[in-house]
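The values are calculated or read from the model by the stated rules, or taken from the named source; none is laboratory data. Not measured: the values here are computed from a predicted model. Methodologically, a virtual Cβ is constructed for each residue, glycine included, from the backbone with ideal geometry; neighbour enumeration extends over all protein chains shown.
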């Protein structure tokens, strides 16, 4: 079975596992900035994982304060937490997402958030 491209690779046309992967985060932040959002205000942010031991991942994420729920097809887990998404704050969060993906054999399919201006 072939691995499907992640949401961010489909959205931004970047190759899987490329150095452009982190630039996808920068592009999301650029869109936020275009709407007057500096990304420093904490806001609900959603993270998507598919396959692997997503139930184990959900258990660990829940212990770290994430709200968890199954995906629509019950083939993964959706995590949500109120966080800032500026580059400095998000670096540790992204490292955690990548680590969970590797530890539990899940595909980290990206994240989304809302625009916050104030």
>> What's the total number of residues in segment 74-85 that are surrounded by fewer than 16 Cβ atoms within 10 Å (Cβ to Cβ) and either without any contact (Cβ under 8 Å) to a residue 24 or more places away in the chain or assigned to a loop (DSSP other than H, G, I, E, B) (or both)?
In response: 2
> Of the residues 117, 46, which is assigned to a loop (DSSP other than H, G, I, E, B), surrounded by fewer than 19 Cβ atoms within 10 Å (Cβ to Cβ) and out of contact with any helix residue (DSSP H, G or I) (no Cβ under 8 Å at 6 or more places or on another chain)?
Replying inline: 117
> With (1) at pLDDT below 90; (2) loosely packed, with under 14 Cβ neighbours inside 10 Å; (3) assigned to a helix (DSSP H, G or I) as the list, and residue 16 as the residue in question, which single condition is left unmet?
Replying inline: (3)
> Does residue 111 count as buried (at least 21 other Cβ atoms within 10 Å of the Cβ) and assigned to a helix (DSSP H, G or I)?
Replying inline: no
>> Every residue in segment 86-117 that is at positive phi and in contact (Cβ under 8 Å) with a residue 60 or more places away in the chain, please.
In response: 110
> Can you name the condition, by its number, that residue 60 falls short on among (1) more than 10 Å from residue 47 (Cβ to Cβ); (2) surrounded by 13 or more Cβ atoms within 10 Å (Cβ to Cβ); (3) touching a strand residue (DSSP E or B) at 6+ places or on another chain (Cβ under 8 Å)?
Replying inline: (3)
